[in-house]
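The values are calculated or read from the model by the stated rules, or taken from the named source; none is laboratory data. Model, not experiment: these values are computed from the prediction. Here the Cβ positions follow ideal geometry from the backbone for every residue, glycine too, while neighbour counts run over all protein chains shown. For accessibility, only protein heavy atoms count, side chains too; no ligands or nucleic acids. Shrake-Rupley method; radii C 1.70, N 1.55, O 1.52, S 1.80 Å.
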Amino acid sequence: MSDAIKHECGISLIRLLKPLQYYKDKYGTAFYGVNKMYLMMEKQHNRGQDGAGFASIKLDMSPGERYMSRVRSIQKQPIQDIFDQINNRINSSIAENPQLWDDVQTQKKTIPYIGELLLGHVRYGTFGKNSIESVHPFLRQNNWMHRNLIVAGNFNMTNVDELFSNLVELGQHPKEMADTITVMEKIGHFLDDAVAKIYKEIKKEGFSKREASPLIAERLNIAKILRKAAKNWDGGYAMAGLIGHGDAFVLRDPAGIRPTYHYKDDEVVVVASERPAIQTVFNVKYEDVGELEPGHAIIVKKSGDVSFKEILEPRERKACSFERIYFSRGSDKEIYEERKNLGKFLFPQIKKAINGDLLNTVFSYIPNTAETSFFGMVKEAQTYLNKKKEEQILELGPSITQEKLHEILDVRPRIEKVAIKDAKLRTFITQDSSRDDLVEHVYDISYGSVGPNDNLVIIDDSIVRGTTLKKSILKMLDRLSPKKIVVVSSAPQIRFPDCYGIDMAKLEDFIAFRAALALHKDRGTYNVVETIYEKCIAQIGTKDKKVINHVKDLYAPFSAEEVSIKIGELLSPQDISAEVLIIYQTIENLHRACPKNLGDWYFTGDYPTPGGNRVVNRAFINFFEGKNQRAY
């Protein structure tokens, strides 16, 4: 993607269902869980490269023995750094005492990280925040084993202020107003409350304090705790948690915004943000990996029992479509087909843009994630040409000559690798223009791949800000002297900010927003901007469920094609010769291509939770008032 976006985190939870000795006997190592977690995190490193964290819990440890471990990193290669630390600790322990290698029980007692319950997290630092304190998993410690809580998630809440206030009303004093801390403390409050109530019940039954501990673990109702904690959450989330005695859970938001997949056999339970990671690491089939239903939690008790519980009533499913377009690994069976369809469905618009002249058109893509949609686009071009060939051959009938037949059959889409990613420089939405002079050299071109009378069609995942297109790609492509450059986006126009985990928080960063403003200026209707501002201001303090997205009014007078034409004008450098056209995916075809992921709020403004409308209006207020800050 030319305008790369910081986004989505990734989670991985592993629960080993057998004693560690079992894995030593079968797989040759008691570090089986640690090794699998390393692979799970590496297979999801596309979801976060700013930081990574790992936590583990050992079951059935005696008092005085360490049973929780955590390690986090924000080094350049954080996953590698974490597991280097873990391996160094393991190797140094075994070097000091070689007999440990075959003594699994002593390994478990004396070496950290070797546990039956493991949680991993990879992170993109959003809106410039990237300190070690921001890296998951987060830890809430207590001398009561059952009150220890480890939390990591792929999430963002729109109502952190409200949740923070709720905690204060409960008598708590949170150390900061961050959504991770707030969520953890919310769960922790109801966990503490549940443990205290169960202890009182057990005490009345005549059990001693020591006898109470395993009974608390057995009776703790995780689903009930989550229902109370998540009651007022507004956001997109896949929230994973470990409790000190060995229970674990992963909760998915009611609209299914954030993805969650799971797998279980008699050896292991696995939950992750992406299905292919589970398939590859555990060598299982596509059909064996399930998707966690929206509003549900997968709960793994210390006993190993696994259950699926409805925590919150599911809303209309609005799974994030950007997962399918760009974020998730393209190796997923469904995502691979969907990305090809995104390219396929764009072909009619492309054919119109080049006036049907496929003979003088070169097709290419922006490396590297647009490659799959490129395949779909080219395959549809081939299908179109095949139909034309068939018509020509049937029209000529028996009189066709061998020479003419070869001439017809030899026509095929012209495919070239025109753009080459030449430098490890990326332009993120949150960056300012201080590095624009470097952007021009992010891409290079294959000279001689395009002729002077050719159209050049080049597809990208999405055009968000347009910085790299204007500063680098279009200038580079123009050096090939095409008569027309058609830039194709497999995603629709990004018009509205995200507030559920993608770092697209400021309206003025979007080229579609700037194009709409320019159209209003051209038509003398720019006064609508102040009108929208006044409507947004008037709704401050209104309950989220009653808030209306007034930013839609900015786009209402214009067709998608009119906005695309203006985007082409804005992104065309003054010093290039080729005509530039911009084509975006339609909303209808996005839904055809990705029928299970209909979350499209960044394209349509139709937010899946009440807090979304509040956020988009606040983003407009910030734009109008010149405030360079996030709206949530």
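Scanning segment 610-632 for residues that are part of a loop (DSSP other than H, G, I, E, B) and not hydroxyl-bearing (Ser, Thr, Tyr) yields 610, 625, 626, 627, 628, 629, 630, 631. Here residue 18 does not fit the description of being modelled with pLDDT of 95 or more, assigned to a helix (DSSP H, G or I) and more than 30 Å from residue 500 (Cβ to Cβ). Listed by first and then second residue, the pairs linking a residue in segment 160-173 that is part of a helix (DSSP H, G or I) to a residue that is open to solvent by 80 Å² or more (accessible area, probe 1.4 Å), with Cβ atoms under 8 Å apart and 6 or more places separating them unless they lie on different chains, are 160/177; 161/177; 164/177. Quick one: is residue 340 over 15 Å from residue 458 (Cβ atoms), part of a helix (DSSP H, G or I), open to solvent by 90 Å² or more (accessible area, probe 1.4 Å) and modelled with pLDDT of 95 or more? It is false that residue 340 is over 15 Å from residue 458 (Cβ atoms), part of a helix (DSSP H, G or I), open to solvent by 90 Å² or more (accessible area, probe 1.4 Å) and modelled with pLDDT of 95 or more.
Listed here are the residues, each with its yes/no results for (1) touching a Leu at 6+ places or on another chain (Cβ under 9 Å); (2) surrounded by fewer than 17 Cβ atoms within 10 Å (Cβ to Cβ); (3) within 22 Å of residue 587 (Cβ to Cβ).
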site	(1), (2), (3)
346	no, no, yes
356	no, yes, no
380	yes, no, yes
400	no, yes, no
403	no, yes, no
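Answer yes or no: is there a residue in segment 26-47 that is farther than 25 Å from residue 299 by Cβ, buried (at least 23 other Cβ atoms within 10 Å of the Cβ) and touching a Leu at 6+ places or on another chain (Cβ under 8 Å). The answer is yes, given that some residue of segment 26-47 is farther than 25 Å from residue 299 by Cβ, buried (at least 23 other Cβ atoms within 10 Å of the Cβ) and touching a Leu at 6+ places or on another chain (Cβ under 8 Å). Restricting the first member to segment 402-423 and to residues that are closer than 12 Å to residue 385 by Cα, and the second to residues that are assigned to a strand (DSSP E or B), the beta-carbon pairs closer than 8 Å and six or more apart or on different chains are 413/361; 413/363; 414/361; 414/362; 414/363. Within segment 83-119, the residues that satisfy the criterion of being among the β-branched types (Val, Ile, Thr), touching a residue at least 24 places away in the same chain (Cβ under 8 Å) and assigned to a helix (DSSP H, G or I) are 86, 90, 104. Being free of Cβ contacts under 8 Å to residues at least 40 places away in the same chain and β-branched (Val, Ile, Thr) is the filter; apply it to segment 350-399 and report the residue that is farthest from residue 478 (Cα to Cα). Filtering segment 350-399 for residues that are free of Cβ contacts under 8 Å to residues at least 40 places away in the same chain and β-branched (Val, Ile, Thr), the one farthest from residue 478 (Cα to Cα) comes out as 393. Right, residue 607: part of a helix (DSSP H, G or I) and either touching a Lys or Arg at 6+ places or on another chain (Cβ under 8 Å) or surrounded by 15 or more Cβ atoms within 10 Å (Cβ to Cβ) (or both) or not? Spelling it out, it is not the case that residue 607 is part of a helix (DSSP H, G or I) and either touching a Lys or Arg at 6+ places or on another chain (Cβ under 8 Å) or surrounded by 15 or more Cβ atoms within 10 Å (Cβ to Cβ) (or both).
Within segment 472-495, the residues that satisfy the criterion of being at pLDDT 95 or above and either among the β-branched types (Val, Ile, Thr) or closer than 14 Å to residue 583 by Cβ (or both) are 484, 485, 486, 487, 488, 489, 490, 491, 492, 493, 494. The residues in segment 488-539 that are of a type in the set (A, V, I, L, M) and free of Cβ contacts under 8 Å to residues at least 12 places away in the same chain can be counted, and the count is 1. Within segment 542-591, being of a type in the set (A, V, I, L, M, F, W, C), farther than 28 Å from residue 475 by Cβ, in a helix (DSSP H, G or I) and open to solvent by less than 10 Å² (accessible area, probe 1.4 Å) holds for 554, 590. Just so you know, in segment 226-240 the residues that are outside any loop (DSSP other than H, G, I, E, B) and open to solvent by less than 10 Å² (accessible area, probe 1.4 Å) include one that is nearest to residue 160 (Cα to Cα), and it is 235.
Among residues of segment 130-159 being touching a residue at least 12 places away in the same chain (Cβ under 8 Å) and among the charged types (D, E, K, R), the one that is farthest from residue 216 (Cα to Cα) is 140.
Go through the residues of segment 353-371 one by one and say whether even a single one is assigned to a helix (DSSP H, G or I), closer than 20 Å to residue 455 by Cβ and of a type in the set (A, V, I, L, M, F, W, C). Yes.
For segment 433-471, filtered to residues that are part of a helix (DSSP H, G or I) and modelled with pLDDT of 90 or more, the residue that is least open to solvent (accessible area, probe 1.4 Å) is 469. Inspect segment 136-154 for any residue being over 27 Å from residue 190 (Cβ atoms) and out of contact with any Gly (no Cβ under 7 Å at 6 or more places or on another chain) and give the result as yes or no. For segment 136-154, residues over 27 Å from residue 190 (Cβ atoms) and out of contact with any Gly (no Cβ under 7 Å at 6 or more places or on another chain): absent.
Hey, does segment 516-534 have a residue that's of a type outside the set (Asp, Glu), at pLDDT 95 or above and within 28 Å of residue 324 (Cβ to Cβ)? Yes, the conditions are met somewhere in segment 516-534. Of the residues 58, 18, 76, which single one is of a type in the set (Lys, Arg) and within 20 Å of residue 150 (Cα to Cα)? Just a single option satisfies the conditions, and that option is 58. For segment 53-62, the condition holds for no residue, the condition being that it is under 28 Å from residue 503 (Cβ atoms), under 28 Å from the mean Cα position of the chain (by Cα), at pLDDT below 95 and not charged (D, E, K, R).
The requirement of being open to solvent by less than 30 Å² (accessible area, probe 1.4 Å), in contact with a Pro (Cβ under 7 Å, 6 or more places away or on another chain) and closer than 18 Å to residue 281 by Cβ is fulfilled nowhere in segment 67-89; no residue meets it.
Pairs meeting the criteria (first residue in segment 285-299 and touching a residue at least 60 places away in the same chain (Cβ under 8 Å), second residue part of a loop (DSSP other than H, G, I, E, B), beta carbons under 8 Å, at least 6 apart or on different chains) are 297/311; 299/247.
Taken over segment 499-541, the residue count meeting the criterion of being assigned to a loop (DSSP other than H, G, I, E, B), under 22 Å from residue 630 (Cβ atoms) and open to solvent by 10 Å² or more (accessible area, probe 1.4 Å) is 5. Applying the set (1) buried (at least 17 other Cβ atoms within 10 Å of the Cβ); (2) farther than 25 Å from residue 320 by Cα; (3) touching a residue at least 60 places away in the same chain (Cβ under 8 Å); (4) not basic (Lys, Arg) to residue 628 leaves exactly one unmet item: (1).
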